[in-house]
Amino acid sequence: MIEQFNTTHCGLLVYAPAKINLFLLITGKRPDGFHELETLMTKIDWYDELLFEPGKTDGIELVCRGPHWAPDGEDNLVWRACVLLLEKAGRSTPLRITLTKNIPAGTGLGSASSDCAAALLGLNRFAELNQPADVLHDIAAQLGSDIAFFLYGPAALCSGRGEKIRPPAENFAFDALVLTPNISVPTKSVYGKYRHDPASYERFFEQIKPLLGKKSIDSLAKICANMLETSCFELYPKLAELKNRCEAYCGRKVCLSGSGSAMFILNPDRQRLPQLQSWLKNEFNCESRCVHNNSW
Ligand code: C5P
């Protein structure tokens, strides 16, 4: 099993896991333009990596590498989180951070948010800043809605904008096949297109409420509730086609994670996985990956 923090010969290697939303409900739109959520997020064992090393020059040097792109410098939440945390601690430690981007961004798997949370946790350790959890939480909530979740784990019921965290009554163990279509979805556009339907919220809530205190992953999988799905699919009809055809092909629910584009199949039929993965690649040029729930 992977540990989140690993000391290397001159630095600290920190793993930043992706997440999926086992359900995502929207209770309404807020006066500040954000949406009020009720979502169950759970980390999975697919990781970006952040390596903290002493810097050679003043300030923070951020180097991004790996199979997926991420911005260098201040456009990256990692950089902004480190600046805010150092400011809060009254320190100006020269730092070199290498971010290995294994998880594609714009997929609803939360990788940029997870990188940001891992930066807060990692820098706090690496530079011995001794900042308490509430300081990290405040910086996380200031930088984005689902960053705070990644400071805790491995699963949480998140409400408010996403930054209010409660552990679930039960932890959910699962395997999943995560589909990553080659489409990057801007979260803001999906929320922008969202039209609230209180009746649909009530319907989902009534189905989900009795399951929350139980180990009921298969029942949650059948409900497959994500109230952002309609607006995401309106913007990207190819994703709707992928979901519909994949469900018909494998006979399981295919659920959207966050605002998309990634989707997941919970506890898929393992024997049929190689066949399903080739089909996804051949029909949709869609990569997929088997994951488990993460344990921290
Ligand atoms: O907070 P974050 O930067 O992740 O949000 C990106 C965008 O998604 C926001 O600018 C907002 O338009 C939308 N959003 C929302 N309600 C939420 C979370 C995000 O409307 N609870």
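I'd like the antiparallel share, as a percent to the nearest 5, of DSSP beta bridges with both residues in region 47-164.
So the antiparallel bridges in region 47-164 amount to around 55 percent.
Considering only protein heavy atoms and a 1.4 Å probe, what is the carbon-and-sulfur percentage of the accessible area of region 5-166?
Exposed carbon and sulfur together represent 49 percent of the surface.
Let me check against my output: what whole-number percent is the relative contact order of the chain, with C-alpha pairs under 8 Å and at least 6 apart?
RCO, the chain: 23 percent.
Do you know the relative contact order of region 175-292, to the nearest whole percent, from alpha carbon pairs under 8 angstrom that are 6+ apart?
Relative contact order comes out at 47 percent.
To the nearest 20 debye, what charge dipole does the chain have about its Cα centre, counting +1 at the Cβ of each Lys and Arg and -1 at the Cβ of each Asp and Glu?
Around 640 debye, computed over the chain.
Compute the accessible area per residue over region 175-292, keeping the other protein chains in place, probe 1.4 Å, unit Å².
Dividing the accessible area of region 175-292 by its residue count gives 51 Å².
Suppose all protein chains stay in the model; what accessible area per residue would a 1.4 Å probe give for region 5-166, in Å²?
Heavy-atom SASA per residue in region 5-166 reads 41 Å².
Over region 175-292, with every protein chain in place, what whole percent of the accessible area is carbon and sulfur at 1.4 Å, could you tell me?
50 percent
Provide the packing ranking of 243-255, 151-163, i.e. peptides ordered by the mean count of other C-beta atoms within 10 Å per residue, highest first.
Values: 243-255: 17.2, 151-163: 19.8.
Top to bottom by mean Cβ count within 10 Å: 151-163, 243-255.
Which of the listed residues, 114, 177, 260, is farthest toward the dipole's positive end in the chain, when Lys, Arg count +1 and Asp, Glu count -1 at the beta-carbon?
Farthest along the dipole direction, towards plus: 177.
Explain nothing, just the number: dipole magnitude of region 26-92 about its Cα centre with +1 on each Lys and Arg Cβ and -1 on each Asp and Glu Cβ, in debye rounded to the nearest 20.
With Lys and Arg at +1 and Asp and Glu at -1, about 160 debye.
Modelling each spin label as a point 7 Å along the Cα-to-Cβ direction, I'd like the residue 200/residue 92 distance in nm, to one decimal.
Roughly 5.1 nm, to one decimal.
Residue 187: net charge of surrounding residues, Cβ under 13 Å, Lys/Arg +1, Asp/Glu -1, itself excluded?
On the way: positive: 161, 188, 193; negative: 146.
Taking every Cβ under 13 Å from that of residue 187, the sum is +2.
Could you name the aspartates and glutamates whose alpha carbon sits less than 13 Å from that of residue 101, not counting residues in the same chain fewer than 8 places away?
Straight-distance partners of residue 101: 48, 49, 72, 115.
Would you tally the net charge around residue 102, using a Cβ to Cβ cut-off of less than 9 Å, leaving residue 102 out, and scoring K and R as +1, D and E as -1?
Within the 9 Å Cβ shell, the charges total -1.
Under 1.5 on a/c is rounded, so check that first for region 175-292, then, if it is not, pick prolate when a/b is larger than b/c and oblate when it is not; a ≥ b ≥ c are the square roots of the alpha carbon gyration tensor eigenvalues. Walk me through the intermediate numbers first.
Numbers: a/c = 2.18, a/b = 1.16, b/c = 1.87.
Since a/c reaches 1.5 but b/c is at least a/b, the shape of region 175-292 is classed as oblate.
Name the residue from 201, 154, 132 whose Cα lies farthest towards the positive end of the charge dipole of region 112-226, charges +1 on Cβ of Lys and Arg and -1 on Cβ of Asp and Glu.
201
For every helix of n ≥ 4 consecutive DSSP H residues, a contribution of -39,500 (n - 2.57) applies; sum these over the chain, divide by its total residues, and give [θ] at 222 nm rounded to the nearest 500 deg cm²/dmol.
My calculation for the chain gives -10000 deg cm²/dmol from helical runs alone.
Please check: in the Gaussian network model of the chain (C-alpha springs, under 10 Å), which one of 111, 257, 216 has the largest mean-square fluctuation.
216
Could you compute the net charge surrounding residue 295? Neighbours are other residues with a C-beta less than 15 Å from the C-beta of residue 295; K and R count +1, D and E count -1.
Net of charged neighbours comes to -2.
Could you give the spread of the C-alpha atoms of the chain along their three principal axes, from largest to smallest, in whole angstroms?
So the three principal-axis extents are 56, 43, 34 Å.
The values are calculated or read from the model by the stated rules, or taken from the named source; none is laboratory data. What you are looking at is a predicted structure, and each value in this text was computed from that prediction instead of being measured. Glycine gets a Cβ as well: all are built from the backbone with ideal geometry, and neighbour counts include every protein chain shown. Note: accessible area is taken over every heavy atom of the protein model, side chains too, but ligands, DNA and RNA are not part of it. Shrake-Rupley method; radii C 1.70, N 1.55, O 1.52, S 1.80 Å.
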